[in-house]
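Structure record follows, encoded as structure tokens.
Just so you know, all these numbers are worked out from the coordinates, no wet-lab data involved. Note that the structure is predicted; figures quoted are calculated from it, not measured. FYI the Cβ positions are ideal-geometry reconstructions off the backbone, even for glycines, and counts take in every protein chain you see.
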Amino acid sequence: MDQRQLFETGVRLVGLYFLVRALPYFVGTIIHTVVLLGTTGQVFVRAKLYDTLSLVSDGLLIVIGLCLLKGFRFVRRIAFQEQQNVSTSPMKEFFTVGVKLVGILLAVGTIPRLVLPLSYFFYIVTSDQYSAASGEMGGRSYFVPQLAAILFGILLYLRGELLSAWAIPTGKDMENPDPDPTE
Amino acid sequence: MDQKGIFVLGVKLIGVYCLALAIEFAFHIFPWEFIRVEQFADLAAIHKVSPWISLMIPVVLTLLGRYLMTDGQHVHEVVFLRNDDIGIGKTECLFTLGLALYGAYVLVGLIPLTINIIWKIIIVLCTPSYIDTEVELEGIQSDLLPTLVRIGVGFICFYYGRYFVRFAFHQSLNKEL
């Protein structure tokens, strides 16, 4: 199995993981909404913004999961856009694939964690006056760490080779990375 | 690639995970934690040190991530020395190494919480009695036991994965014997 085949298999598994992760919440929210609509005539009675963003993030996760599961060609093309058929050690190839998959997991997996601070942020931005309550929420609306994690994930996905070059120098014999201590 | 190569690869990927965690925590602590402390000018001195202690989290994670990615030889040695007597079958050995990797993943993920809990305990012990430490105590009460259990599970998976092998592959081992 070469690098690209391995990546495709990994991407499909990651897609399945996101689908399994997001589908129960998505279906649950839809059912909850339908029940609310039937009983109260309103959608998302209490935390409208948060509920809407949660639904959007779950929907996004499902769409991304389906795209990855389907194995769209552009996912692979973007990941290996500049790479030619350069012969490198198998360890380096596998590591690059692993880094790119970790990148996808990190970037997409952080989206649900972005929802809560983002909803607080939008609440503060859209509120008419900067009340004491919104002042307390300043910390909760701080979404930079999640954003940084997503950007780092995208970087790993696009340029995982940079990390591979650092972790596995070309000159090192990667077929036998360490002397076996049991021998 | 042999089983050892797969394990080394896994350890390197855990190093990447460490770096990702470090970046997220670095942005969480700087500048927000520092701003939060500045907002409360009447805090005790020990609370004002908190952001600097929290900065240890990304530093430790970065150093650990760098070590696991570029070297990690001690980790390899510990796992291979402890599991040198497995060798019954490829699947069993792979399972043990997978468990060791899972244990390492769990332990690495608990570093931030562990540092936080230790710091909260220090705060509770060192703060004068007239200063309220209820928030720290609540944090310790809710986090200490689950974290200790998770550390225990991670440690067992990392060090004693072979005992799980005997449990998981009981039938296949009996057949081979």
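Relative contact order for region A:3-167: what percent, with Cα pairs under 8 Å and sequence separation of 6 or more?
The value is 29 percent.
Set the Förster distance to 45 Å, then compute FRET efficiency between B:H47 and B:K90 from the Cβ-Cβ distance, nearest 0.05.
Efficiency, from the Cβ-Cβ distance: 0.25.
Rounded to the nearest 0.05, what FRET efficiency is calculated for B:H74 and B:R166 with R0 set to 25 Å and r the Cβ-Cβ distance?
The computed FRET efficiency comes out at 0.45.
A:H32 versus B:I121, label points 7 Å from Cα toward the beta carbon: distance in nm?
Here the answer is 3.7 nm between the modelled labels.
Give, as ranges by residue number, the residues of region A:17-41 whose backbone N falls under 17 Å from the point 7 Å along Cα→Cβ of A:F72.
So the set is A:17-19.
So which helices of chain B fit the span-like rule, where a helix is a whole DSSP H run, its Cα atoms reach 15 Å or more along the axis, and its mean Kyte-Doolittle is at least -0.5?
In chain B, the long hydrophobic H runs are B:3-27, B:56-70, B:90-109, B:111-126, B:134-159.
May I ask you to list the chymotrypsin sites (Phe, Trp or Tyr not before Pro) in region B:19-64 that are in a DSSP loop and have at most 11 other Cβ atoms within 10 Å of their Cβ?
The qualifying sites are B:F40.
What list of ³J(HN,Hα) values in whole Hz, one per residue of region A:153-159 in order, does the Karplus curve 6.51 cos²θ - 1.76 cosθ + 1.60 (θ = phi - 60°) give from phi, with Gly and Pro shown as x?
Each residue's phi maps through the Karplus curve to give x, 5, 4, 4, 5, 7, 10 Hz.
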